[in-house]
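Written below as structure tokens is the structure these notes are about.
The values are calculated or read from the model by the stated rules, or taken from the named source; none is laboratory data. Every value quoted in this text rests on a predicted model; they were computed, and no experiment measured them. Backbone-built Cβ (ideal geometry, glycine too); neighbour counts: all protein chains shown. The area values use the complete protein model at the heavy-atom level, side chains included, leaving out ligands, DNA and RNA. Shrake-Rupley method; radii C 1.70, N 1.55, O 1.52, S 1.80 Å.
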Amino acid sequence: MTTGVRRRMGVEERREQLIGVALELFARRSPDEVSIDEIASAAGISRPLVYHYFPGKLSLYEAALKRAAEDLASRFEEPHEGSLGGRLLRVMRRFFDFVDEHGPGFSALMRGGPAVGSSATNALIDSVRQVAYQQILSHLRVTDPPARLELLIRSWISLAESTALIWLDGRRIPRAELESQLVHDFAALAAVGAAYDEEMTALLRHMLKDEPHDGPFTDLATRLISLAS
């Protein structure tokens with residue numbers, strides 16, 4: 001009979017373990033409901049040892065949120081292939097995958113939690129929004145966006161955040177419908193902007209140019225036409 005010997009972890013390895021454990025707990029409950037004692041127990045170490053690797057509760061939360069923010073930002077990365085509507089739909093599916101996996105943590109981060117309000121956490125949230133903004137600009141092939149386009153994209157990102165929060169509160173609308181609806185919202189916002197601005201008109205035409213007959217933007221047009229008939 002052999003006895004298992006616990007392997008001693010290096011500093012960075014232990015820090016990564018604690019961040020991973022914290023994220024797993026935040027996926028089930030809001031961060032403000034998770035104690036350092038619970039994180040220590042789940043990691044198989046003592047509470048004082050947690051503080052050896054992180055000077056305080058806030059620093060561990062911020063490290064975990066940084067990992068989550070990097071993960072969320074990566075969900076907006078999409079190959080420049082196919083129609084814009086199809087690309088945005090794939091992005092929304094990955095975005096809602098993240099929301100589904102990190103529900104309580106995502107909700108606490110956006111609505112307010114123990115680490116929210118610190119300059120570091122606010123910077124993390126803003127960095128994710130900026131990555132999303134830059135990614136969409138790159139798909140539109142725009143480097144110097146006019147004011148109405150910036151308004152469109154940033155408003156849409158805020159709409160995606162609020163939609164996800166509402167969905168988490170009971171999940172009363174099928175997730176797939178919301179993913180499609182958000183893509184339709186982007187096209188609708190672009191159409192409204194085009195009604196006021198020639199640059200936006202040209203952009204809208206570019207968006208629709210390669211849209212297939214079964215794409216998200218075509219689906220929206222079909223739905224709107226049916227309402228008028």
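Tell me, in nm to one decimal, what length is gained between SER46 and SER229 on full extension, where the rule is 0.36 nm per residue of separation less the Cα-Cα distance?
Contour length minus Cα-Cα distance gives 59.1 nm.
Using 1/(1 + (r/R0)^6) with R0 = 45 angstrom and r between the beta carbons of HIS80 and ARG15, what's the FRET efficiency to the nearest 0.05?
The computed FRET efficiency comes out at 0.80.
Using 0.36 nm per residue, how much length does the chain from HIS213 to ALA120 gain when fully extended, once their Cα-Cα distance is taken away?
Between HIS213 and ALA120, full extension yields an extra 29.0 nm.
As I understand it, the value is the acute angle between the Cα axis of helix 198-209 and the longest principal axis of the Cα atoms of the chain; what does it come to in degrees, rounded to 10?
Here the helix axis deviates by roughly 80 degrees.
So what is the calculated 222 nm ellipticity per residue for the chain, using -39500 (n - 2.57) for each DSSP H run with n of 4 or more, over all residues, to the nearest 500 deg cm²/dmol?
So the calculated ellipticity at 222 nm is -23500 deg cm²/dmol.
Quick one: helix 216-228 against the long Cα principal axis of the chain, what's the angle to the nearest 10°, folded into 0 to 90?
Result, in degrees: 50.
Measure off 7 Å from each Cα along the Cα-to-Cβ vector at GLU38 and LEU165, then give the distance between these two points in nanometres to one decimal.
2.2
Would region 124-201 count as rounded, prolate or oblate if I go by the C-alpha gyration tensor, calling it rounded below 1.5 in a/c and otherwise prolate when a/b exceeds b/c, oblate otherwise?
Note, shape of region 124-201 comes out oblate.
State in Å² the accessible area per residue of region 38-124; use a 1.4 Å probe, count heavy atoms of protein chains only, and round to the nearest integer.
43
Roughly what angle does helix 119-140 make with the longest principal axis of the chain, taking Cα atoms, 0 to 90 degrees, to the nearest 10?
So the inclination is approximately 30 degrees.
Taking all protein chains in place and a 1.4 Å probe, what share, in percent, of the accessible surface of the chain do carbon and sulfur account for?
After summing per-atom areas, the C and S share lands at 54 percent.
Suppose the chain between ASP97 and ASP71 were pulled fully straight at 0.36 nm per residue; how much longer would it get relative to their current alpha carbon spacing?
Net length gain for the segment: 8.3 nm.
For P(r) over Cα pairs in 10 Å bins from 0, in percent, several values are listed as (1) 7, 32, 37, 20, 3, 0; (2) 6, 23, 25, 21, 15, 6, 2, 0; (3) 7, 28, 28, 19, 11, 5, 1, 0; flag the one computed from this structure.
Comparing each candidate, only (3) matches the computed number.
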